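S.K.: Following this message is one structure expressed as structure tokens.
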Amino acid sequence: MRIFRFVLVCLLGIITPLFAHSQQYLYPLSIPPALSANFGELRSNHFHSGLDFKTQQVTNKPIVAIEDGYVSRISVSPGGYGLALYIDHPSTGHTSVYAHLNSFSDTIARWVIEKQYELENFQVNLYPSEGTLPVKRGDQIALSGNTGSSGGPHLHFEIRDTHTQEPLDALEFLPKISDTRKPDLRGIAFYPVTGKGVVNGSQEPLRLTIGSDGAGNPSGLGQTINAWGQLGVGVKAYDRMDGQSNIYGVKHVRLFVDDELIFSSTINRFSFADTRMLNSFTDFEEWRNNRSFYMKSFVEPGNRLPLYETKNRGYIDISEERPYLFKYELEDHSGNRLTYRFTVNGQEQAIPLEPPCKQWMAWKFPNAYMEPGFTLRIPDGNLYDDICFTHSATENRKYYSNLHQVNDCPVPLHGQGEMWIGLHTDTLLEKRNYGVVQINKNGSESWMGGEYARGGIRLSISELGGRYAVAADTVPPTITPVESGNWVNQRRIRIRLRDDKSGIASFRGEINGRFVLFTHDSKSTLYTYRFDDSRLTKGEQQEFLFTATDGAGNRSEYRFSFTY
């Protein structure tokens, strides 16, 4: 009997995780599933962490819980995920996430509003206890929307490992979506290693756009490639799905040289702490300059993503004068595969010596650069590879500092570096009004802010390659009432709030000295309060006050009296 129990326990230990992995959840929407984005898709500074379900170009489609569980987190924000729900499913060890919602179900919405009033803030991150908001499989929990940093109506949906909060490819746990289309290859890139390799007589990256024939198959490289020494390669590619015009991320990338597997990557899960390493997974300079994603088929030394299997980290040694046969395999979640072959000719040619460098920065060590009027500190773990750092400063009387070019090409940082820019003119009494701006290629400015320190402005930056200077913002936000004469009849107050430089940092609405809840979405300048009779005394004069502060500390207020 004891032996039987032991065997049963062992079998359950094997079967349970297998069941959890094969668990088939409900779709979160009742309409036919159609994706506008898939898991692991390449985005600015991050991998896409979920699936984007189309909602037929409208909002307010019912959203249901995919399995029994309880609401473990609720996020309300004007940007990011907007209105979002997180549901823990203890039976499977997963958490499902539903983002960009238009509204919560009544029970959840009432609970959230109470908390918003308790905290006196529209933007909240709430963590209900397990017994507070239980849900059953198929329960309606929300309506779909377009809130937060959303480019159109859709549902952003995730499945995460509850213990680690790492996002997983949700397609592995949902009913199959029909897909027979293979990935689409758009480009091949060659990256000679500086001082160690050369391609067609140059050490500069060579990026080739690949066209297609009448049947949609990728064409050839379009030119002969002669290489010598050490190089890496990359590929620009997307996935396709039946019945959709969207492009998606490629799940599996494999590179063979002379039929030997040199590199493979598979995007099934990742850590949010590592998601910025997308900037090493891809050709960051090409992305920053041309908004084009080439996926590198080699792994830089500071790249810790657990997505790879490689030989020699994916770098290839061309050391014989002969044809080298390259082959890419691109495969999607459904097993549709594209194979692309090309040839690199091994041809001995002179490899230029690595040019001298005045300021070398090593990926594995902390780095610092200092000169009068400018300092930069980069903690260890922020560079993916060694770089030759450059800096130049030019006088510019438009700003309160010199104009600083911080490196001559784009370089991503995994976390942040600390930059300090000294002022050549320090005339403002209110030091919070100073802030660093980035000067873009077209001459426009992006406010970055910072804090006053030692006669200059100190701030964090997340990449190198930009132009910066210190500017000022002394103009407070503009508060404009919208149809104030109709507020009572419409049972709502609407305010239009703008700030043209440092942006809105905080806002607050009050009636008779008490907080009232204004809602807001980052895509709009409108802020709305809907009258709540449980919190207002009818039949008397109401004193309304709205205040707003921008990122430079400038404050505005608007007052209005009305009878309700």
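Where a number appears in this text, it was derived from the coordinates with a stated rule and is not lab data. These numbers were taken from a predicted model, which means no experiment stands behind them. All Cβ positions, even for glycine, are placed from backbone atoms using ideal geometry, and neighbour counts span all protein chains on display.
S.K.: Calculate for the chain the 222 nm mean residue ellipticity that helices alone would give, adding -39,500 (n - 2.57) per DSSP H run of length 4 or more and normalising by residue count, nearest 500 deg cm²/dmol.
M.R.: -2500 deg cm²/dmol
S.K.: Can you work out ³J(HN,Hα) from phi for every residue in segment 236-252, in order, using Karplus 6.51 cos²θ - 1.76 cosθ + 1.60 and θ = phi - 60°, giving whole Hz and x for Gly and Pro?
M.R.: 9, 7, 9, 9, 10, 9, 4, x, 10, 8, 5, 10, 10, x, 8, 6, 10
S.K.: Counting Lys +1, Arg +1, Asp -1, Glu -1, what net charge surrounds residue 446 among other residues with beta carbon under 12 Å of its beta carbon?
M.R.: Numbers: positive: 441, 467, 501; negative: 445.
Net local charge, residue 446 excluded: +2.
S.K.: Quick check: the distance between the Cα centres of segment 309-350 and segment 77-103, to the nearest angstrom?
M.R.: Segment 309-350 and segment 77-103 have Cα centres separated by 41 Å.
S.K.: Sort segment 105-157 into rounded, prolate or oblate with this rule: let a ≥ b ≥ c be the square roots of the eigenvalues of the Cα gyration tensor; rounded if a/c is under 1.5, and if a/c is not under 1.5, prolate when a/b is larger than b/c, oblate otherwise.
M.R.: Oblate, because a/c is 1.5 or more while a/b does not exceed b/c.
S.K.: Mind jotting down the distance between the C-alpha centroids of segment 386-419 and segment 457-477, whole Å?
M.R.: Rounded to whole Å, the Cα centres lie 11 Å apart.
S.K.: I would also like to ask the following. Leaving out same-chain residues fewer than 8 places away, which lysines sit with a Cα under 22 Å from that of residue 431?
M.R.: Hits, sequence-local ones excluded: 398, 501.
S.K.: Per-residue counts of other Cβ atoms within 10 Å, averaged by peptide: what ranking do you get for 525-538, 95-108, highest first?
M.R.: Highest to lowest by the protection proxy: 95-108, 525-538.
S.K.: What is the packing order of peptides 348-354, 375-381, 465-471, 554-560, taking the mean over residues of other C-beta atoms within 10 Å and listing the highest first? Can you show the working numbers first?
M.R.: Details: 348-354: 12.0, 375-381: 17.7, 465-471: 20.7, 554-560: 14.9.
Put in order of decreasing packing, that is 465-471, 375-381, 554-560, 348-354.
S.K.: Skipping prolines and chain starts, which residues have an amide H placed within reach, meaning under 5 Å, of the one on residue 304, given they are 5 or more residues away or on another chain?
M.R.: none
S.K.: For segment 187-227 and segment 517-541, what is the centre-to-centre distance using only Cα atoms, to the nearest Å?
M.R.: If you average the Cα positions of each part, the centres end up 58 Å apart.
S.K.: Which of the lysines could be linked to residue 196 by a straight reach, that is with a Cα gap under 25 Å, when you skip same-chain ones fewer than 8 residues away?
M.R.: Partners found: 236, 296, 311, 327, 358, 364.
S.K.: Next question, about the same structure. Can you tally the net charge around residue 490? Count Lys and Arg as +1, Asp and Glu as -1, for every other residue whose Cβ sits under 12 Å from the Cβ of residue 490.
M.R.: For residues surrounding residue 490, the net value is +3.
S.K.: Within segment 469-512, which trypsin sites (Lys or Arg not before Pro) sit in a loop by DSSP and count at most 16 neighbouring Cβ atoms inside 10 Å?
M.R.: Of the trypsin sites (Lys or Arg not before Pro), the ones in loops of segment 469-512 whose Cβ has at most 16 other Cβ atoms within 10 Å are 491.
S.K.: So which trypsin sites (Lys or Arg not before Pro) in segment 110-141 are both in a DSSP loop and have at most 11 other Cβ atoms within 10 Å of their Cβ?
M.R.: 136
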